[in-house]
1. For Gly77, only one of the following conditions fails: (1) touching a residue at least 40 places away in the same chain (Cβ under 8 Å); (2) out of contact with any helix residue (DSSP H, G or I) (no Cβ under 6 Å at 6 or more places or on another chain); (3) not in a helix (DSSP H, G or I). What is its number?
2. Check region 28-46 and report whether any residue there is in a loop (DSSP other than H, G, I, E, B) and modelled with pLDDT under 95.
3. Report every pair of residues separated by at least 6 positions or lying on different chains whose Cβ atoms are under 7 Å apart, first residue within region 9-24 and touching a residue at least 12 places away in the same chain (Cβ under 8 Å), second in a helix (DSSP H, G or I).
4. Do we find a residue being modelled with pLDDT under 95, of a type in the set (Val, Ile, Thr) and either surrounded by 21 or more Cβ atoms within 10 Å (Cβ to Cβ) or over 16 Å from Cys42 (Cβ atoms) (or both) anywhere in region 106-129?
5. Sort out which residues of region 80-101 are part of a loop (DSSP other than H, G, I, E, B), among the basic types (Lys, Arg) and closer than 19 Å to Pro55 by Cα, and write them in order of number.
6. How many residues are buried (at least 17 other Cβ atoms within 10 Å of the Cβ), out of contact with any helix residue (DSSP H, G or I) (no Cβ under 6 Å at 6 or more places or on another chain) and either closer than 17 Å to Arg128 by Cα or of a type in the set (Phe, Trp, Tyr) (or both) when one looks only at region 62-74?
Amino acid sequence: MTDLMRFPSAVRCATDVDAWFATPNHELRRMAEPWFEQMRNCGADVRELLADGHPTACVGDAAFAYVDAFSAHANIGFFQGAALDDPAGLLEGAGKRMRHVKLRWGQPVDEAALGALIAAAYRDMQARVEAER
């Protein structure tokens, strides 16, 4: 049995994901968009979809990260975030596997550390997928 979230319907470029970011008057979605772009650019094996209403990035069909926007903040989330090294202490959450980083208006984010988390989540999921083969 696997502990990976699988989305067989993930595709290379999902038009509904682009539409999610283009929703008028949703500045928090636009705040999250560059981070999703970084997820998209992690590798040729990245696929995406709207899962539970938010953009989700996968290695093949195995989800590694997502973004979501709320009324006061945006989340950059990681499906296996509990396993990630987080020297900057950005990750929040206490679940068994998932963690997220909250982005808020007017609060700086350690862009290098968040970028490193995205890259680490991608590499971690690649290794997990490979180990299941």
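1. So the condition that Gly77 fails would be (1).
2. Taking region 28-46 first, the residues in a loop (DSSP other than H, G, I, E, B) are 41-45.
Applying the additional criterion that residues be modelled with pLDDT under 95 yields none.
No, because not a single residue in region 28-46 is in a loop (DSSP other than H, G, I, E, B) and modelled with pLDDT under 95.
3. Sorted first by the residue in region 9-24, then by its partner, the pairs are Trp20/Arg29; Phe21/Arg29; Phe21/Arg30; Phe21/Glu33.
4. Within region 106-129, the subset modelled with pLDDT under 95 is 106-109.
If we keep only those that are of a type in the set (Val, Ile, Thr) too, we end up with 109.
Cutting the leftovers down to either surrounded by 21 or more Cβ atoms within 10 Å (Cβ to Cβ) or over 16 Å from Cys42 (Cβ atoms) (or both) gives us 109.
For region 106-129, residues modelled with pLDDT under 95, of a type in the set (Val, Ile, Thr) and either surrounded by 21 or more Cβ atoms within 10 Å (Cβ to Cβ) or over 16 Å from Cys42 (Cβ atoms) (or both): present.
5. Filtering region 80-101 down to residues part of a loop (DSSP other than H, G, I, E, B) leaves 80, 84-91, 93-98.
Remaining after also requiring among the basic types (Lys, Arg): 96-97.
Across region 80-101, the qualifying residue is only Arg97.
6. Adding up the residues that qualify gives 2.
The values are calculated or read from the model by the stated rules, or taken from the named source; none is laboratory data. Predicted model only: the values in this text are computed from it and were never measured. Here the Cβ is made from the backbone with ideal geometry for all residues, glycine too, and neighbour counts use every protein chain on show.
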